[in-house]
Structures are given as C-alpha cells and as structure tokens.
Amino acid sequence: MADASIENAGLIIVDKDAGMTSHDVVSRCRKLFNTRRVGHAGTLDPMATGVLVVGIERATKLLGLLSLTTKSYVATIRLGAATDTDDREGQVISRADAAHLGDDEIVAGVAALTGDIEQVPARVSAIKVDGRRAHALARTGAEFDLAARPVTVSRFDIAAIRRTDDGWVDVVVAVDCSAGTYIRSLARDLGSALQVGGHLTTLRRTAVGPFTLEHARTLEALREQPGLSLTIDDAAKLSFPHRDIDADEAESISQGRWLTPIGRKETYVVIDPDGRAIALVQEKGRRASSVMVVRPATLR
C-alpha cells in the first residue's frame, strides 16, 4: 500500500542564499513541508550560495549513502590581503599591493594548487581539535594547528583576472574538487605563494555529486510553490547504478531478505518491474543484501 512518508519522500536541491546556515535551510524546509523529518548533506558556509542537498521524510535515510565525493564551485579570490578566516568576513591580518603580479604568475600559482595536493584546512572549518570544532576554538583566540590533508583539485580554471585601482587583483575561478577540499584554503595558499596574501570574496557551489544548479530552487521559489526536486525513486536512480529485478525478488528484498549476487562491487539500486526503487544493495559473499530498503513491504 502507499504511504504518505513514501509519497512525500525525496530530495530538495536548494539554491541557498548568502547569510544562511545549512541548519537555517533545514528549519525553513521543515515548515514548508510540515514535517520534522528533514536533513541535509554537505554543509555550506553562510557566506556561500548554491547547491545544498536536503532530504525529506524517508529520503533522509539516503543522505548518508549518497556519493557526494565530488563538488564544483565558482569563486572569486582577492589577492592583496590575508584574513584570519581566509574569506571576506574575517579581519585583515596582512595587506600588500598586488598590482605588480603578472597573469603568468597567477596562472602558475593556480597550476601548482591543481591535482593531488596536501592542504591545511581553514581555521574556521568544522574539523575537530581535541573534541572541539576548529571554528569554535578560533573564536576564543586559542592557538592551534591543523594538519595538512590530501585532497584532489581536479579542475582549477581561471575565468577572469580583474585589477582594481587600489591594488587588488580579483581572480574568478571554477573548481572541481574532492570532498573535504576548502576553497578558502586555496585562496589563502594562492595568495601566500604569490607573497601578497589572498582570501575568498565570493563562493557559489554549482554541483554536489550528481546534483547541480539545474535541479535547484531557491527557498523563495519553494515558498511560492513547495515541491520536491526529486522523488525518492528518482533520487536513488540518479545516484546509484541500476539492477532490474522481478516482482518476486522485489517482494523478497522489501521484506528484508536478500538476492542472489551478480558480481558487482559498488552499492546499487534494485528496480522493480514498475520502475520503483526498492532497495540499495551491496553484495558480500553469497548474498546481495540491502543497506537501505527504500520501499519496505509495509509501505508498498
């Protein structure tokens, strides 16, 4: 039988406004969709805009299983000053005229930060230091160091270089990177390498995994016309490889039993003859068992 938690379950791809936390977005969506079962994946800083993935009803269970390992951004890096937060909202801690920088120097600096690199996270990140978030420690004025971590910057393209009359150089960039990469740290490190300081002035996330701005709607648009970006079926089918199963197999897996494996290593979604996502499955040994039943037998 159908159930409201299935019929109303899915993802909202929000185009987040600047000045809001990710939790603010969740709170708004709870009111808009009249449910407490709302969560988000891939936190977005208040300064940033763009793609935030929000789960509604049963789709909140999908959030931790989604492959959101690649992210895309467009950003503006200002060369000529460093700040204590590596973005425009922090206090300036050094200032230098960047007018002397040639385009070739900037291009070379960007190239050096492309590929597999070691990156020190921003001091205002959510990384834990002795059990406390780095950003909370930073606000107390505490001294601490964050260890460099391996990240992958698969694309770091310069879209424009703009020079101002007061010695700033603004570099507009497009970045594709692995999860855990801090764009503000790229700005900091580019400025440091060029010996003028750098920080982020704008940041817009254009994609998280398979979810892009094409799927996204602003909260204002959602207020005017609430609705899912993707049903739970569409979200599962977009996010995972498919395996078609027959009605008997669908009944079995929906009741918590397992299927015969077919030799696949990745998590995949099994689809019944009606095109519905029944479960996310992983194979181990002689069993293909569910890691999440999208449609339990009680809700079908």
**Prompt:** Amide H to amide H under 5 Å from G90: which residues, 5+ apart in sequence or cross-chain, H placed 1.01 Å off N in plane?
**Reply:** T85
**Prompt:** Amide H to amide H, which residues 5 or more places from T202 or on other chains are under 5 Å from it, using H placed in the peptide plane?
**Reply:** T76
**Fill in**
For region 160-173, Karplus-derived ³J(HN,Hα) couplings (6.51, -1.76, 1.60; θ = phi - 60°; whole Hz; x for glycine and proline) come out as 6, 10, 10, 9, 9, 5, 9, x, 7, 10, 9, 10, 8, 10
**Message:** What do you get for the angle between helix 103-112 and the principal long axis of the chain? Use alpha-carbon atoms, 0 to 90 degrees, nearest ten.
**Reply:** 40
**Asked** So who's got an amide H within less than 5 Å of the one on A81, skipping anything under 5 residues away but keeping other chains? H placed 1.01 Å off N, in plane.
**Response** A96, G198, H199
**Request:** Could you grab the relative contact order for the chain? Cα pairs under 8 Å, six or more apart, rounded to a whole percent.
**Result:** 23
**Prompt:** Using θ = phi - 60° and the Karplus curve 6.51 cos²θ - 1.76 cosθ + 1.60, what whole-Hz ³J(HN,Hα) does each residue of region 276-288 get, with Gly and Pro shown as x?
**Reply:** 8, 6, 9, 7, 9, 10, 10, 9, 8, x, 9, 10, 10
**Request:** Would you compute, from DSSP H runs of 4+ residues alone, the mean residue ellipticity of the chain at 222 nm, taking -39500 (n - 2.57) per run and dividing by the full residue count, rounded to the nearest 500?
**Result:** -6000 deg cm²/dmol
**Prompt:** Which residue, K16, K237, K265, tops the fluctuation ranking in a GNM of the chain built on C-alpha contacts under 10 Å?
**Reply:** K265
**Asked** So for the chain, taking the charge dipole from beta-carbon charges (+1 Lys/Arg, -1 Asp/Glu), which of V196, L213, L65 sits furthest toward the positive end?
**Response** L65
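Suppose the chain between V107 and K284 were pulled fully straight at 0.36 nm per residue; how much longer would it get relative to their current alpha carbon spacing? Intermediate results must be reported in sequence, preceding the final value.
Details: separation 177, 0.36 × 177 = 63.72 nm, distance 4.73 nm.
The span from V107 to K284 would gain 59.0 nm if fully extended.
All of the numbers you see were taken from the coordinates with simple rules; none came from a lab. No experiment lies behind these values; they were computed from the predicted model shown. Cβ atoms come from the backbone with ideal geometry, glycine included; neighbour counts cover every protein chain shown.
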